[in-house]
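J.: One structure follows; several queries about it will come next.
The values are calculated or read from the model by the stated rules, or taken from the named source; none is laboratory data. Note that this is a predicted model, so its numbers are computed, not measured. We place every Cβ from the backbone using ideal geometry, glycine too, and count neighbours over all the protein chains shown.
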Amino acid sequence: MTAILVVDDSDVERAIYVHILETLHLPGITTPVAFAESTKALAWSESNDFDLAIVDYNMPEINGLEVISALRVNPAHRETPIVMVTSATEHDVRYRALELGANDFVTKPIDRIEFIARVQNMLALSRSYRKLADRAASLSDEVARATAGIIRRERETVFRLTRAAEFRDNETGAHILRMGLFCAEIAVELGMSQDECDMMLMAAPMHDVGKVATPDAILLKPGQLSPEEWVIMRQHTLQGYEILKESESSLLQLAADIALSHHERFDGSGYPNGLVGEAIPLAGRICAVSDVFDALTSKRPYKDAWSIDQAVATVLAGSAKHFDPAVITAFRSALPRIVELKIRNADLPVAM
Ligand SMILES: [Fe+2]
Ligand SMILES: [Fe+2]
């Protein structure tokens, strides 16, 4: 249910318009809302919707032209049909009204039949605008729903891929989870956007996905690896990259970068490419810090868990050598939250 707005300072003419409109019994249209003063009409239009405005030109204070331009400024009334009432001689006024956004005119004194025809045409126009707007809104809802579905399925695929890799590794599922959480906290401190932080949260758990290709004898070996075995072990970076690269998904592209670069070192002594400094993707530099911190504070078959203090000291000492100093600064700022996440998502009680 919407309304027809009538603005005319003449009591007689206003009463005539209202009377004609009321006798039309227009479907879906409530009683016309009529104002003698344009200021009051404009104030009403701020918070009310209507299907058609009938505006007299010749009014004291704010004339009809000014009413039209004020209505058109409001996005809610940009498309609402406006009919202006003028005298037959006011050609310049009509041209100006057209420029300002009037849709049609009626001439004083009002011809009842003509007035009704114009009103009905304008209401038909208004209905078309509304249908178009509703269609656009429902299309954009559909697109938003479909996009959300795609994102949900992409996240599920990623989660399952990561779980597949976990089965092969002696690192726990909690490590994979913590990698995402720590990296997202560091990303926040680096001033990355909410979207970028969310991407780090989802992509970092895939850092070791390449280990699905590492032979059991090496991956599950309880003792130290020989130099030859290390060569094979290091391949998990390249293999992870091979699995994830060339995806259209920006999440998998980021995961591919991380898989390839999470063992690079800031000073160039890392693998597989010996990249130096900012030539290492930022995501890889963030993962390097999170991965080492979490490995040090976790129990592994070949070592006990270090205390948080010991691990933090070791990570900080690696600044500018193993790690990017800017990422280390962010890690320090995020440390209270990282320690909390470590405790909340621990495999075993955390040594403090
Ligand atoms: Fe790795
Ligand atoms: Fe890891």
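J.: Give the residues of the range 252-284 that are within 16 Å of ligand 1 (Cβ to nearest atom), assigned to a helix (DSSP H, G or I) and touching a Ser or Thr at 6+ places or on another chain (Cβ under 8 Å), sorted by residue number.
T.: A256, A259, L260, S261, A283, G284
J.: Condition first: among the β-branched types (V, I, T) and in a helix (DSSP H, G or I). Now tell me which residues in the range 298-352 satisfy that.
T.: I308, V312, T314, V315, V327, I328, T329, I338, V339, I343, listed by residue number.
J.: Sticking with this structure for a sec: Pairs please, first residue from the range 107-130 and over 21 Å from A97 (Cα atoms), second anywhere and surrounded by fewer than 12 Cβ atoms within 10 Å (Cβ to Cβ) and of a type in the set (G, A, S), Cβ atoms under 9 Å, 6+ apart in sequence or on different chains.
T.: Listed by first residue and then by second, the contacts come to R127/G28.
J.: Could you tell me whether any residue of the range 181-197 is among the aromatic types (F, W, Y), within 16 Å of ligand 1 (Cβ to nearest atom) and surrounded by fewer than 16 Cβ atoms within 10 Å (Cβ to Cβ)?
T.: The answer is no; no qualifying residue exists.
J.: Another question about this same structure. Counting only residues that are within 21 Å of E166 (Cβ to Cβ), in a helix (DSSP H, G or I), out of contact with any Ser or Thr (no Cβ under 9 Å at 6 or more places or on another chain) and not basic (K, R), how many does the range 227-251 have?
T.: Number of matching residues: 6.
J.: Which of the numbered conditions does S193 fail, given that it passes all the others? Conditions: (1) closer than 19 Å to S250 by Cα; (2) among the hydroxyl-bearing types (S, T, Y); (3) within 16 Å of ligand 2 (Cβ to nearest atom).
T.: (3) is the only condition that S193 fails.
J.: Looking at the range 196-226, which of its residues are within 16 Å of ligand 2 (Cβ to nearest atom), assigned to a helix (DSSP H, G or I) and more than 19 Å from S250 (Cα to Cα)?
T.: K211, V212, A213, I218, L219
J.: Checking T89 against (1) free of Cβ contacts under 8 Å to residues at least 60 places away in the same chain; (2) outside any helix (DSSP H, G or I); (3) surrounded by 11 or more Cβ atoms within 10 Å (Cβ to Cβ): exactly one of these is not met. Which one?
T.: (3)
J.: All but one of (1) touching a residue at least 40 places away in the same chain (Cβ under 8 Å); (2) aromatic (F, W, Y); (3) away from ligand 2 (no atom under 13 Å from the Cβ) hold for F167; which doesn't?
T.: Tallying (1) touching a residue at least 40 places away in the same chain (Cβ under 8 Å); (2) aromatic (F, W, Y); (3) away from ligand 2 (no atom under 13 Å from the Cβ), F167 fails exactly one: (1).
J.: Shifting gears a bit: Looking at the range 253-267, is at least one residue under 18 Å from V158 (Cα atoms), within 16 Å of ligand 2 (Cβ to nearest atom) and modelled with pLDDT under 95?
T.: No, because not a single residue in the range 253-267 is under 18 Å from V158 (Cα atoms), within 16 Å of ligand 2 (Cβ to nearest atom) and modelled with pLDDT under 95.
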